[in-house]
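Here is the structure we will look at.
The values are calculated or read from the model by the stated rules, or taken from the named source; none is laboratory data. Here the structure is a predicted model, which is why all the values come from computation and not from measurement. Positions of Cβ are generated from backbone atoms using ideal geometry, with glycine treated the same way; all protein chains shown enter the neighbour counts. The area values use the complete protein model at the heavy-atom level, side chains included, leaving out ligands, DNA and RNA. Shrake-Rupley method; radii C 1.70, N 1.55, O 1.52, S 1.80 Å.
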Amino acid sequence: DNRDNADALIELSQAIEKDPLFVEAHILSAVIYTENRNVTEAINSYRKAISIKPDFFPPNFFNLASLELGEGFYVQAEVHFKEFLKYSGLQKKYVDLAKHKLEVCRFSQESMKHPVPFDPINLGPNVNSSYDEYFPGLKADENLLLYTRRIKDKANYFGEQEDFYVSVKKEGKWQKNYNI
């Protein structure tokens, strides 16, 4: 609860060392690794928890599959979303989301078999920065660009936040962006 994640992971590691089948410790480790954006360790912890006791907490399959999907492990994610959907009594919103993500897995696997050329172009310093920028959208007249930028923010728990930016094209050139 105090979000002292480093100490919590040490304690959990010690608990797992004493009892490697302590499924709750593996699950909590996975949650903390996910919060810390250590996806590899989160995946490993969820896989271990599932291998110990698959039926203990069915959402483990959903959480694991979601992480795998985000890492491009589409085949494994598909398996785990299907496993999640085998359980009864699941909340409808998670069932619907799992079904959607399952379709994303299938689409992604098929798309990987038939790649298309992609050559992203940096639009210059008026638009692009050293930060991650994504989800661009253009107005129909192609003179206004809206996109998301992930920026550093020490006040935020995760150390960064997402903001929307806009740039307007005038006389064929993108103008200095601004945060909306």
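The set of residues from segment 9-37 being part of a loop (DSSP other than H, G, I, E, B) and either at pLDDT 95 or above or within 20 Å of residue 81 (Cβ to Cβ) (or both) comprises 19, 20, 21, 22.
Can you find even one residue in segment 84-100 that is under 30 Å from residue 19 (Cα atoms), under 18 Å from the mean Cα position of the chain (by Cα), open to solvent by 90 Å² or more (accessible area, probe 1.4 Å) and touching a residue at least 12 places away in the same chain (Cβ under 8 Å)? No, the conditions are met nowhere in segment 84-100.
State yes or no: is residue 129 over 23 Å from residue 70 (Cα atoms), of a type in the set (Ser, Thr, Tyr), open to solvent by less than 100 Å² (accessible area, probe 1.4 Å) and assigned to a loop (DSSP other than H, G, I, E, B)? So residue 129 passes the test.
Filtering 17, 71 for residues that are among the acidic types (Asp, Glu) and over 30 Å from residue 108 (Cβ atoms) leaves a single hit, 17. A single member of 27, 52 is surrounded by fewer than 20 Cβ atoms within 10 Å (Cβ to Cβ) and closer than 28 Å to residue 7 by Cβ, and it is 52. Scanning segment 143-178 for residues that are touching a strand residue (DSSP E or B) at 6+ places or on another chain (Cβ under 9 Å), within 30 Å of residue 5 (Cβ to Cβ) and polar (S, T, N, Q) gives 148, 161. In the set (1) within 29 Å of residue 43 (Cα to Cα); (2) modelled with pLDDT of 95 or more; (3) open to solvent by less than 100 Å² (accessible area, probe 1.4 Å), residue 177 fails one condition alone, (1).
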